[in-house]
Amino acid sequence: MYRRDLLKGIGGTAALGGIAATRASAQQEATLADVGPYAQPWDPADPNIPERRDIAPMPDDYHTPGRFAGKTVIVTGSARGMGLGAVWRLAREGANVVGVDWLEEQGKAAMDEVAAAGFNVRFVPGDVSDDAVCARMVEVAIQEFGGLDAALNNAGVMDGVYSGAPIDYESQKELVFASVHEATDEYWDNVFRTNVKGVFLSMRHELRQMIAQGRGGSIVNVGSIAGMTGLAGNPAYVASKHAVNGLTRNAALDYAPYGIRVNSVNMAATDTPMVARAGALVAAQSAAIGSKNPGMGRIKIKSIQAYANQNARSATVAEQVSMMCYLLSPEAGNMTGATYATDGGWTAY
């Protein structure tokens, strides 16, 4: 229950106490919602431009109390990175969350930690490219929490290697990203299986349930700048993320009459295990290729914000999750069919 609803029940004989309680409540909520400054000065200062400032990263635990109270949300790829960050924020904002991931041990441990903090979460292990897994995650939402209100289709890969496997480029190179003339069927098929088929199957089950319930809903698909531009050396990832944005636009058209909104978020480099793993694979690949690598992937590697930042920092998980949760919430009632560039300005130049 929201505090304001509780305060409505306070009678006139307790008016002064009610006013005091209201002020105390407002102060407490303001503290919880303190996102911090817009920017922070360079340290040490730039001797030539002392006015330089960095965009300040938002606190990892920032949240909007009660925004998802009574709502149930599915999050795929929930074991780590942006998926786990979204689980934590959604749970803090009152949501019942069903997490899904093929990293079974890590995913279960992560959800157990969220549950131990007092939140309503359930975990479904499995691969979203398996229709039975997607059916099961919706079944759990219904059985445990009475339905489904929103979904974050976040599970995705940058190459064809199982993301829980240690990096060993020599043994895995047939599954690692490569330019079209050197790419293998296995690399292509594995990336598309997760990134495109996984999103399609997830949406199919989510939308069936939302239509059956008759109360609308919101779906956010996780794309990438690779779904809005080219990205050297990884054709399957680029093509698959363009497909995710195509699915997003298509579904927005088909399901608006049912009160269901569908959007995507498209980020540049973000501080996640997947990006770190990709960086390690790129380094191993470059070392193996040597002088045969023309280096086109280096012509543009930073967002506007990374270039302007003193430490060239990537986006944080919290910054990405903030936009995801906004789009999932009823606050974003006029937002559908859009592919938002949550990329620090990467696609602006």
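The values are calculated or read from the model by the stated rules, or taken from the named source; none is laboratory data. What you are looking at is a predicted structure, and each value in this text was computed from that prediction instead of being measured. Cβ sites come from the backbone with ideal geometry, for glycine too, and all protein chains shown count toward neighbours.
Listed values, structure above:
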| item | result |
| --- | --- |
| Pair list, Cβ < 8 Å and 6+ apart or interchain, from segment 263-289 residues that are under 22 Å from Leu152 (Cα atoms) to residues that are modelled with pLDDT under 95 and part of a helix (DSSP H, G or I) | Ala269/Val275 |
| Selection within segment 328-337 - aliphatic (A, V, I, L, M) and crowded, with 19+ Cβ neighbours inside 10 Å | Leu328 |
| Considering residues of segment 65-87 that are touching a residue at least 60 places away in the same chain (Cβ under 8 Å) and surrounded by fewer than 24 Cβ atoms within 10 Å (Cβ to Cβ) only, the residue nearest to the chain's Cα centre (by Cα) | Gly81 |
| Ala110 within 17 Å of Val317 (Cα to Cα), touching a Leu at 6+ places or on another chain (Cβ under 8 Å), touching a residue at least 12 places away in the same chain (Cβ under 8 Å) and of a type in the set (A, V, I, L, M) | yes |
| Enumeration of residues in segment 128-171 that are farther than 16 Å from Val73 by Cα and surrounded by fewer than 19 Cβ atoms within 10 Å (Cβ to Cβ) | Asp130, Asp131, Ala132, Tyr162, Gly164, Ala165, Pro166, Ile167, Asp168, Tyr169, Glu170, Ser171 |
| Residue in segment 281-293 that is of a type in the set (D, E, K, R), more than 30 Å from Gln209 (Cα to Cα) and modelled with pLDDT of 95 or more present | no |
| Candidate set: segment 235-249, residues that are among the small types (Gly, Ala, Ser) and surrounded by fewer than 24 Cβ atoms within 10 Å (Cβ to Cβ); chosen: the one nearest to Tyr349 (Cα to Cα) | Ala239 |
| Residues satisfying the stated conditions in segment 173-192, i.e. within 28 Å of Pro125 (Cβ to Cβ) and under 27 Å from the mean Cα position of the chain (by Cα) | Leu175, Val176, Phe177, Glu186, Tyr187, Trp188, Asp189, Asn190, Val191, Phe192 |
| Matching entry among Arg92, Arg122 (being surrounded by fewer than 24 Cβ atoms within 10 Å (Cβ to Cβ) and in contact with a helix residue (DSSP H, G or I) (Cβ under 7 Å, 6 or more places away or on another chain)) | Arg122 |
| Ser218 being surrounded by 23 or more Cβ atoms within 10 Å (Cβ to Cβ), of a type in the set (Ser, Thr, Tyr), touching a Lys or Arg at 6+ places or on another chain (Cβ under 7 Å) and closer than 24 Å to Asn266 by Cβ | yes |
| Hits in segment 253-291 - residues which are assigned to a helix (DSSP H, G or I) and charged (D, E, K, R) | Asp254, Arg277 |
| Some residue of segment 209-218 being over 18 Å from Ile301 (Cα atoms), part of a strand (DSSP E or B) and polar (S, T, N, Q) | yes |
| Test for Ala232: is it surrounded by fewer than 20 Cβ atoms within 10 Å (Cβ to Cβ), in a loop (DSSP other than H, G, I, E, B), out of contact with any Leu (no Cβ under 8 Å at 6 or more places or on another chain) and among the hydrophobic types (A, V, I, L, M, F, W, C) | yes |
| Pair list, Cβ < 9 Å and 6+ apart or interchain, from segment 230-255 residues that are free of Cβ contacts under 8 Å to residues at least 24 places away in the same chain and more than 18 Å from Gly279 (Cα to Cα) to residues that are part of a helix (DSSP H, G or I) and among the small types (Gly, Ala, Ser) | His242/Ala226; His242/Gly227; Gly246/Gly227 |
| Residue check, Tyr340 more than 30 Å from Ile167 (Cβ to Cβ), crowded, with 16+ Cβ neighbours inside 10 Å and free of Cβ contacts under 8 Å to residues at least 12 places away in the same chain | no |
| Helices (runs of 4 or more DSSP H) (entirely within segment 87-196) containing at least 2 residues that are touching a strand residue (DSSP E or B) at 6+ places or on another chain (Cβ under 7 Å) | 104-116, 131-145 |
| Hits in segment 292-347 (condition: more than 30 Å from Ala69 (Cβ to Cβ), of a type in the set (S, T, N, Q) and in a loop (DSSP other than H, G, I, E, B)) | Asn293, Ser303, Asn309, Gln310, Asn311, Ser314 |
| Options Ile211, Ile225, Ile260: the member that is surrounded by fewer than 24 Cβ atoms within 10 Å (Cβ to Cβ), aliphatic (A, V, I, L, M) and in contact with a Gly (Cβ under 6 Å, 6 or more places away or on another chain) | Ile260 |
| Residue ID - farthest from Gln40 (Cα to Cα), chosen from residues in segment 286-315 that are under 23 Å from the mean Cα position of the chain (by Cα) and among the small types (Gly, Ala, Ser) | Ser303 |
